[in-house]
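Heads up, the thing below is written out as structure tokens.
The values are calculated or read from the model by the stated rules, or taken from the named source; none is laboratory data. Here the structure is a predicted model, which means the values were calculated and not measured. Here the Cβ is made from the backbone with ideal geometry for all residues, glycine too, and neighbour counts use every protein chain on show.
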Amino acid sequence: MGPLRNLDVRWVWRYRLFYIAGIAIMSLQIFLAVIFFTLSEDVEKNSSLSYISLNEEPMKYNFIDNTLEKERKLPLSGKQSNTLSRTNGQSSKLNAKTVASVEDLLTPQISAVCNISKRESISAINRAKTSFCKQLILNTTCLIRNNQLYPVSLPHSCPVNGLTRGKYLGCFRDESSKRLLNGAYYNSSIANSHKHCLHKCLQAGFSYAGVQFGEECFCGNEEPLAGSRLPESSCDHKCPANKSQPCGSYFAINILETGVAKFVPQTANDANSISNPPVRIVFLLTLNGRDIRQVYRLIKTLFHRDHFFFIHVDARQDYLFRELRPLELKLSNVRLSLRRHSTIWGGASLLTMLLECMSELIQSSWDWDFVINLSESDFPIKTNQELVAFLSSNRNRNFVKSHGRDVHHFIHKQGLDKTFVECDEHMWRIGNKMLPTGIVIDGGSDWIALSRPFINYVVTAQNDELLDGLRTVFKYTLLPAESFFHTVLRNSIFCDSYIDNNLHVTNWKRHLGCKCQYKHVVDWCGCSPNVFTMEDWSRIQSTSNKSLFFARKFDPTVSQQVINQVQEWLYGYYSDDYKSERKYWHNVYHHLDRSPVVDDAIYVVSSSLSRQTLSSSENFDLKCLNLGFRKLLQVHSFHENDVQKGILVHFDSASSKNVSVQFEAWFEIKHSFTLYDSNLVASRFVNLLVNTNFDPKEKMSRNYVGAIGPLSEPVLIFEVTAGSPVSNITVLWLDPMQTLVDVGDISLSENSGVDHVKSTLRTPLCPGEWEVYLIFNNDVLARIMFVVTPLVNEHSNTMFQEANQIKTSTDWNLLLPIVKLNKEHYDPESQRTKILQHLSYDGPRKIEWIDDLTSKSYQILDFCIVDIQQAEHSASCYRQDYKRCNSTVWSSFSPDPKIHITTVNKLTGRLN
């Protein structure tokens, strides 16, 4: 035994390092396990807060009156300035404090009237920005908890054809190959009962409900045949939720009447040229954004003196509202609503807005028959005469589009069984919802064409239990306008006027449109249609023989060519001298706007371009006037043949000689990228650029100016051709100090197309010239340059100095290909010294630095004079042959007949 023991000791001594390492690893695993379980307990305690991301933008509550809205907006606390939120895609992030219960959120301004433990409610309260919004969420949660918010049941007034709700018909024999009730199927091993199944089937609009095999529920519209009747003893399974009731058996089913008749939507009549007097239509335009020219074009195309335009402009859109006000004075059948809402995507305020507009229309002196709601993204695909002829043959009918699927699947996907509260311009999800029993739930599209009798009922009926109850339900519902009118129709005396057609064709491409792109305004993932382009033209043409009169979406910044094609299809070709037919001007900035808040980066860049226009001696010769930049007036994005051709900067200048000149200058945006390798991977890249506000649905950036500021969130956008799949392309982001600040990666599929890769850069970004490198197999594929423009506000220097206290660790292995490529120019220390010097600039020196940076990204192409005001003694100081903007083909002041609202033709009733 002695020799063996000595041998064991020798083995232990020989491999002592491995033993020590093993013991260390085991100890580390035990330690990590203890830490893991400790963290798990903490996560469980705080799980209510991790349900939804806390990185939400600060919002304000959407009051009807703009003045009230601005007065009630809470001031930012501490050193946070309003200027910090004026950026293209990045609000200053708030570090929300993690709380375990609602008690941690209570303040003298916020009080709880009940005990709240729902994780959705606590998360929403924690993320809400204003005390008003937090209190509203608290109060609503307590009303739900106390069963004081929603009605339990509502009446169904549609004729029932002799059916009685809950009437028991008996036990019947069923077959797997031929079900007695084959409309819908639900299974519940816990909740199933006669009452439960009856509610499910009634809610889905079926006439009969049947329970089978204990936990199964079947719905259908066909009355069971008497020959299938079985003795009651054959249905011997008990219901899980009510043991006193039979719930069928094996292929034996207990059937009850729901009290709802089989619903068959009405069939629309064909247009009849000899019908009754033509109907008169109100086009209810619900507008958002800045596409004023497309709105003018829509009104001009739809216009007839017999029809009316009632326009609601989102409360946040000063530009659209201001530009449309003159139409009220020019055309007697155009009116703008003064009761304006912030109609966020999916918000309850959209339904409120529609009901208020309809109420105003009922009270107005206008004599109309139908209301059709449209947005700036809609456009007619049939003539006015065809629309009037069709609706005249279907007077008093109501046109809505149903979901066309299983009702309970629709309820779940639509979030109708969830409670949402709208405040701070956000839809907060705070918990579940029990929909009222006794009614059919329906929904689909919120684009509708409703008759006057139905609208009159909806907005004027007093003490109507159905309407009052549904208004309450849909006040706390996501996308309420997509279900409210459908549900009222299905359950009221107007059910026989329901036509399953909203007169629209919609360009759904769900693989592109369902990207959860509205998470910043709603606690839900939503979908949005795509914009029509010429690739979709055949789909529009296929509607020629269908009762479809409008299409959506259209966006002239994406494709004006398809809009031109539709208009020519309907009304013939434009004349040959129509120079602006293929051009579009999209307004980005107007100096009179107060809402939405101006993007600092756009303002700084555009002001810099204005100064560069005046200092450009090669293009400009008014030195005798000594003009200086005075004020930025407007900025437009200029498009031709569906391609952005640059930006137009309209500004005012003045001199000491009592001369004032307004200019508009055309600048090209220079996107700088270089391909360094000619291999197959590099050759797939067609375009590379850095920008913000990437639209994943349309595969483009919505930052038309291309201005990137310190608080922006830049992304790398790339266009590739088809080819072999490629993975592991590394993306390196270098700031102006040549410090590696972010690393990403790109994988290319075999398809061509446009895509983007996000960065995880921390704000504020360092101003100056940035570089992005694509690395593949340790070689540089491409280099992209972009500029981050400094801010000019008083806080910017301090902000940058604080940001530059953060040291970034660099992985030198990642930088080796770049160093190898730029041996002579790679000098981080000198670059850092240079940038820190620039960051210390203020006043004129800072302006010079800004102008130097913008000159690297923009190039002037042309300029023109909008207006000139001068004193007599300076009249000889400038030449009279300078271009006037209204005589050019590129200026936003050049003639554009397709959007001009002129006088009414007395013969045709349309606009001249």
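Quick grid of which residues meet (1) modelled with pLDDT under 95; (2) surrounded by fewer than 20 Cβ atoms within 10 Å (Cβ to Cβ); (3) out of contact with any Phe, Trp or Tyr (no Cβ under 6 Å at 6 or more places or on another chain):
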position: Ile362; (1), (2), (3): no, yes, yes
position: Asn398; (1), (2), (3): no, no, no
position: His409; (1), (2), (3): yes, yes, yes
position: Gly438; (1), (2), (3): no, no, yes
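Just checking, which of Asp695, Asp742, Asp642 is within 30 Å of Cys516 (Cβ to Cβ), surrounded by fewer than 20 Cβ atoms within 10 Å (Cβ to Cβ) and in contact with a Leu (Cβ under 6 Å, 6 or more places away or on another chain)?
On the way: Asp695 fails: in contact with a Leu (Cβ under 6 Å, 6 or more places away or on another chain); Asp642 fails: in contact with a Leu (Cβ under 6 Å, 6 or more places away or on another chain).
After applying the criteria, what remains is Asp742.
Residues being modelled with pLDDT under 95 and touching a Gly at 6+ places or on another chain (Cβ under 7 Å): count how many of those fall in segment 484-520.
Residues of segment 484-520 modelled with pLDDT under 95: 508-520.
Those left that are additionally touching a Gly at 6+ places or on another chain (Cβ under 7 Å): 518.
So the count comes out to 1.
Could you list all residues from segment 357-394 that are within 22 Å of Asp270 (Cα to Cα) and in a helix (DSSP H, G or I)?
Listed by number, the residues that qualify are Asn384, Gln385, Glu386, Leu387, Val388, Ala389, Phe390, Leu391, Ser392.
Which of the residues belonging to segment 655-704 are β-branched (Val, Ile, Thr) and within 23 Å of Val787 (Cα to Cα)? Please lay out each step first, then the result.
Step one: list which residues in segment 655-704 are β-branched (Val, Ile, Thr), which gives 659, 661, 669, 674, 681, 686, 690, 692.
Listed by number, the residues that qualify are Ile669, Thr674, Val686, Val690, Thr692.
With the requirement that a residue be on the phi > 0 side of the Ramachandran plot and in contact with a strand residue (DSSP E or B) (Cβ under 9 Å, 6 or more places away or on another chain), what does segment 764-778 give you?
We begin by selecting, within segment 764-778, every residue on the phi > 0 side of the Ramachandran plot; these are 768, 777-778.
Across segment 764-778, the qualifying residues are Gly768, Asn777.
Hey, among the residues in segment 277-309 that are over 28 Å from Tyr584 (Cα atoms) and touching a helix residue (DSSP H, G or I) at 6+ places or on another chain (Cβ under 6 Å), which one's surrounded by the fewest Cβ atoms within 10 Å (Cβ to Cβ)? Break it down stepwise before answering.
Filtering segment 277-309 down to residues over 28 Å from Tyr584 (Cα atoms) leaves 277-281, 306.
Among the residues that remain, those that are also touching a helix residue (DSSP H, G or I) at 6+ places or on another chain (Cβ under 6 Å) are: 278-279.
Working: Pro278: 15, Val279: 23.
Per the criteria, the residue is Pro278.
Would you call Asn679 touching a helix residue (DSSP H, G or I) at 6+ places or on another chain (Cβ under 9 Å) and at pLDDT below 90? Step through it out loud before you land on a result.
Numbers: touching a helix residue (DSSP H, G or I) at 6+ places or on another chain (Cβ under 9 Å): no; at pLDDT below 90: yes.
So Asn679 does not fit the description; no.
Could you identify the single residue in Val787, Val757 that is within 20 Å of Thr833 (Cβ to Cβ), touching a Gly at 6+ places or on another chain (Cβ under 9 Å), of a type outside the set (S, T, N, Q) and modelled with pLDDT of 95 or more?
Numbers: Val757 fails: within 20 Å of Thr833 (Cβ to Cβ).
Just one listed residue meets the conditions, Val787.
Conditions (1) surrounded by fewer than 16 Cβ atoms within 10 Å (Cβ to Cβ); (2) closer than 23 Å to Leu416 by Cα; (3) in contact with a Ser or Thr (Cβ under 9 Å, 6 or more places away or on another chain); (4) in contact (Cβ under 8 Å) with a residue 24 or more places away in the chain, marked per residue:
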position: Ser121; (1), (2), (3), (4): no, yes, yes, yes
position: Ile137; (1), (2), (3), (4): no, yes, yes, yes
position: Cys171; (1), (2), (3), (4): no, no, yes, yes
position: Leu180; (1), (2), (3), (4): no, no, yes, yes
position: Tyr186; (1), (2), (3), (4): no, yes, no, yes
position: His194; (1), (2), (3), (4): no, no, no, yes
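Could you please find all residues in segment 764-781 being in a strand (DSSP E or B) and either among the basic types (Lys, Arg) or closer than 15 Å to Asn728 by Cβ (or both)? Please lay out each step first, then the result.
Our first condition is that a residue be in a strand (DSSP E or B); within segment 764-781, this holds for 768-776, 779-781.
Those that are in a strand (DSSP E or B) and either among the basic types (Lys, Arg) or closer than 15 Å to Asn728 by Cβ (or both): Tyr773, Leu774, Ile775, Phe776, Asp779, Val780, Leu781.
Quick check, is Asn491 within 24 Å of Cys357 (Cα to Cα), buried (at least 17 other Cβ atoms within 10 Å of the Cβ), in contact (Cβ under 8 Å) with a residue 40 or more places away in the chain and touching a Lys or Arg at 6+ places or on another chain (Cβ under 7 Å)?
Working: within 24 Å of Cys357 (Cα to Cα): yes; buried (at least 17 other Cβ atoms within 10 Å of the Cβ): yes; in contact (Cβ under 8 Å) with a residue 40 or more places away in the chain: yes; touching a Lys or Arg at 6+ places or on another chain (Cβ under 7 Å): no.
Criteria not met by Asn491.
How many of the residues making up segment 244-259 are polar (S, T, N, Q) and part of a loop (DSSP other than H, G, I, E, B)?
Summing the residues that are polar (S, T, N, Q) and part of a loop (DSSP other than H, G, I, E, B) in segment 244-259 gives 1.
For segment 739-771, which residues satisfy the criterion of being within 19 Å of Tyr676 (Cα to Cα) and over 29 Å from the mean Cα position of the chain (by Cα)?
Trp770, Glu771
Mind checking which pairs have a first residue in segment 535-550 that is closer than 21 Å to Gln385 by Cβ and a second that is surrounded by 15 or more Cβ atoms within 10 Å (Cβ to Cβ) and among the charged types (D, E, K, R), Cβ under 6 Å, 6 or more apart or different chains?
Phe549/Lys382; Phe550/Asp378
Could you list, in sequence order, all residues of segment 311-321 that are in contact (Cβ under 8 Å) with a residue 60 or more places away in the chain and crowded, with 20+ Cβ neighbours inside 10 Å? First the steps, then the outcome.
Of all residues in segment 311-321, those in contact (Cβ under 8 Å) with a residue 60 or more places away in the chain come to 315-319.
If the condition is that a residue be in contact (Cβ under 8 Å) with a residue 60 or more places away in the chain and crowded, with 20+ Cβ neighbours inside 10 Å, then Ala315, Arg316, Gln317, Tyr319 are the ones that fit.
So which residues in segment 226-244 are free of Cβ contacts under 8 Å to residues at least 24 places away in the same chain and in contact with a Phe, Trp or Tyr (Cβ under 8 Å, 6 or more places away or on another chain)?
Within segment 226-244, none qualify.
Can you name the residue in segment 659-682 that is touching a residue at least 24 places away in the same chain (Cβ under 8 Å) and of a type in the set (Gly, Ala, Ser) and, of all such residues, is farthest from Arg611 (Cα to Cα)?
Within segment 659-682, the match that is farthest from Arg611 (Cα to Cα) is Ala682.
Quick one: which strands (runs of 3 or more DSSP E) lie wholly within segment 395-463 and hold at least 1 residues that are farther than 30 Å from Arg316 by Cβ and without any contact (Cβ under 8 Å) to a residue 24 or more places away in the chain?
Working: elements: 398-400, 418-423, 426-432, 449-451.
The strands (runs of 3 or more DSSP E) meeting that bar are 426-432.
Identify all residues within segment 564-585 that are within 18 Å of Ser637 (Cα to Cα) and not in a loop (DSSP other than H, G, I, E, B); write none if there are none.
Selection gives Lys583, Tyr584, Trp585.
For segment 215-233, enumerate the residues that are outside any strand (DSSP E or B) and farther than 22 Å from Tyr186 by Cβ. Break it down into steps so the answer makes sense when it comes.
First pass over segment 215-233, keeping only residues outside any strand (DSSP E or B): 215, 221-228, 231-233.
Selection gives Leu225, Ala226, Gly227, Pro231, Glu232, Ser233.
Residue by residue through segment 264-302, note down the ones that are of a type in the set (A, V, I, L, M, F, W, C), part of a loop (DSSP other than H, G, I, E, B) and touching a strand residue (DSSP E or B) at 6+ places or on another chain (Cβ under 8 Å).
The initial filter retains those residues of segment 264-302 that are of a type in the set (A, V, I, L, M, F, W, C), namely 264, 268, 271, 274, 279, 281-285, 287, 292, 295, 298-299, 302.
Now restrict to residues that are part of a loop (DSSP other than H, G, I, E, B): 264, 268, 271, 274, 279.
Ala268, Val279, listed by residue number.
Which numbered condition trips up Ala707, out of (1) part of a loop (DSSP other than H, G, I, E, B); (2) touching a Leu at 6+ places or on another chain (Cβ under 9 Å); (3) at pLDDT 95 or above?
(2)
So in segment 852-892, with the set limited to residues that are among the aliphatic types (A, V, I, L, M) and within 16 Å of Leu627 (Cβ to Cβ), which one is modelled with the lowest pLDDT? Steps first, answer last, please.
Within segment 852-892, the subset among the aliphatic types (A, V, I, L, M) is 853, 860-861, 865-866, 868, 871, 875, 889.
Subsequent filtering for residues that are within 16 Å of Leu627 (Cβ to Cβ) retains 860, 865-866, 868, 871, 875.
On the way: Ile860: 96, Ile865: 93, Val866: 95, Ile868: 86, Ala871: 58, Ala875: 51.
The selected residue is Ala875.
Pairs only if they're at least six apart or on different chains, beta carbon under 7 angstrom, first in segment 322-340 and of a type in the set (Gly, Ala, Ser), second in a strand (DSSP E or B) and surrounded by 14 or more Cβ atoms within 10 Å (Cβ to Cβ); list them, first residue then second.
Once the first residue is of a type in the set (Gly, Ala, Ser) and sits in segment 322-340, its partners that are in a strand (DSSP E or B) and surrounded by 14 or more Cβ atoms within 10 Å (Cβ to Cβ) give Ser337/Phe310; Ser337/Ile311; Ser337/His312.
Do we find a residue being in contact (Cβ under 8 Å) with a residue 60 or more places away in the chain, touching a Ser or Thr at 6+ places or on another chain (Cβ under 8 Å) and within 23 Å of Arg405 (Cβ to Cβ) anywhere in segment 524-534?
Among the residues of segment 524-534, not one is in contact (Cβ under 8 Å) with a residue 60 or more places away in the chain, touching a Ser or Thr at 6+ places or on another chain (Cβ under 8 Å) and within 23 Å of Arg405 (Cβ to Cβ), which makes the answer no.
Take the residues in segment 483-541 that are more than 12 Å from the chain's Cα centre (by Cα), of a type in the set (D, E, K, R) and in a loop (DSSP other than H, G, I, E, B), then tell me which one is farthest from His426 (Cα to Cα).
Only one residue tops the list, namely Lys509.
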